[in-house]
Amino acid sequence: MTCGDLVPDKYWSEFAVTPDTNYYMLMGMFRHNLPHIAVPATLGHLKLNNMEWGIPVAPESREADFVVWGDQYSNFNAGKLIPLIEGVGGFKVSIGNSTFTQADALPQEWSFMEWRMPIRAASATDTDWVLVKEERFCSGESNVHTKQITVESNPLDELVLSPWTERATVLSWTVLVDGQESNVQADESVGQDRLGFRFSGDDAKKKIVVSLVLQANASSDLSGISCTTTEAPTSAPTDSSTEAPSKQPSFSPTVSPGPTLIKSGSLCIAAHESQSNYGLPTNMEECDINDPRQQWTYDSTSGLFTNEVKGWCLFAGRPDLVEQQLKTWGCDENNPQMIWDFDATSNGRIKSRLGYNEQYNDGKCIKSGLSIGDTPTMDLCDETQAEQQFELTTSSSGTDNGPSPMTSPTTPLTESPTEFITTPPTTAGPKLITNHDVTLCVAAHATQNNYGLPTSMEVCNPQDVRQYWTYDAASGLFANQVKGWCLFAGRPDMSGQELKTWGCNVDNPQMIWDYEINNGRIKSRLGYNEQYNVENVSKAD
């Protein structure tokens, strides 16, 4: 025998467990709408077949005793990825019919799932990343919970959602379209234990939130179900960044850390109003220096334009091609898609420095569009074209010379040893946060490659942007200049908690602070939540 020895009952031991056979079994159950059986089987298969030595593996097969066999790096995806994406996730996409479909099967062990699906519509040149999130929210009753499905950034003309009701009784349901209640009706004929919702045209491309209030019944055991122990939001939730920007941009002390407007004619480039995920288009708006979506920090060394809202950077999918939209993405100084040269001597032209890559390196120029709502795009460089003429300005109406050089102060940052930060609460630009003897300053982590990294006390350096923070007394946020992330503590109601940085969220009490000018104290405004609301004081060591 060339395939191995036969075991006594006459089968090849080497192919006792294979990815393909499991795929046919699992997907058959999903297609017959049996998620209560298919989901545990899928998760069990992934844990048993695709885990070994405590790490994920992708073996060609397993023998009868479950020992891995064959190519250990074959990455047989049929039995691994498809049951997750098409089964548990429930995704189906038809570009020809311009339809995005989702029929989830959220496992009982998980309180939420979040997906980002790359979709390119038939007539589009850019890829959109569709955000889909399923969440459960506990209620005051042990046998009742709310299930919520959120979809954003769908570029297709039809959106079909068929949420799984988990074999429970549906007490009520609501649908929000861009935060407004919709009269879309549920289709109860789409399948057992499912409701169907269809959105067409412009509505399909808006932010959709479907909420189901579910109650356990005689055929459903929800006692062990996992859910978030907070009430479901009554409107579309405000989403902070859920994915950390890829790399830290290198800011040069030759450029001011202060933000400016990118102005063309009478309009300015603004980040997308939702800022819910990467890849959303920018647009032209009436200039407003107080709108952080229009505030960008340009570093001529790295070539990055960094937006103030979440610290994401201006990029184009293919900056070597015309008509490519300008969007925002996690900053990466090594990514040529977001590296720009601003040339004030060429009528304010903004040109892609490197193009797309070494092969496609003919970088084009940014064209603004001269109407409110237009999305800036790439075009052949022409400095005589009005839409390619920009200025970097700190004025909504006038003009200036753009970012000014950053210089070290000649006097101490503060003269009072009792003050903890250098100025009273203000939103008028970044400052250093110093300790009591004005020798050390709070600095964001050196790498800034992920959320949750600790801050540290360092010798004050007015040319280190990691030490610059903008404090907003109204929201209570301290936003760092490097990536716009905010100062937070995991449990601000407890002593000994480290200060770290995280994506800014004005609704998160973990990052809301009060600076008291009379004694220089920085105090948590709300504690951890309504229950654990004993505020603690930030201490510099």
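The values are calculated or read from the model by the stated rules, or taken from the named source; none is laboratory data. Source: prediction; values computed, not measured. Note that we place each Cβ from the backbone using ideal geometry, even for glycine, and neighbour counts take in every protein chain shown.
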Cross-chain or 6+ apart pairs with Cβ under 7 Å, segment 447-469 first and of a type outside the set (Lys, Arg), then at pLDDT below 85 and loosely packed, with under 14 Cβ neighbours inside 10 Å: LEU453/THR447; MET457/ASP541; VAL459/THR439; CYS460/THR439; PRO462/SER408; PRO462/PRO409; GLN463/SER408
For the list (1) at pLDDT 90 or above; (2) touching a Cys at 6+ places or on another chain (Cβ under 7 Å), I need the number of the one condition that SER240 fails. (1)
Residue that is surrounded by the fewest Cβ atoms within 10 Å (Cβ to Cβ), among those in segment 435-446 that are free of Cβ contacts under 8 Å to residues at least 60 places away in the same chain and farther than 17 Å from PHE488 by Cα: ASP437
Scan segment 390-402 and give yes if some residue there is part of a loop (DSSP other than H, G, I, E, B), surrounded by 18 or more Cβ atoms within 10 Å (Cβ to Cβ) and at pLDDT 90 or above, otherwise no. yes
For segment 173-196, how many residues are over 22 Å from the mean Cα position of the chain (by Cα), of a type in the set (A, V, I, L, M, F, W, C) and closer than 27 Å to PRO281 by Cα? 1
Top-ranked residue of segment 491-541 - restricted to ones that are among the β-branched types (Val, Ile, Thr) and surrounded by fewer than 20 Cβ atoms within 10 Å (Cβ to Cβ), ranked as modelled with the highest pLDDT: VAL506
Suppose we keep only residues that are of a type in the set (Val, Ile, Thr) and touching a Gly at 6+ places or on another chain (Cβ under 9 Å) within segment 449-486. Which one would you say is farthest from ILE512 (Cα to Cα)? VAL482
With the structure loaded, tell me whether ASP332 is in a loop (DSSP other than H, G, I, E, B), in contact with a Ser or Thr (Cβ under 7 Å, 6 or more places away or on another chain), surrounded by fewer than 21 Cβ atoms within 10 Å (Cβ to Cβ) and in the same structural domain as TRP312 (by TED's automatic domain parsing) or whether it fails that test. yes
The residue that is farthest from the chain's Cα centre (by Cα), considering only those in segment 464-490 that are in a loop (DSSP other than H, G, I, E, B) and crowded, with 16+ Cβ neighbours inside 10 Å, is ASP464
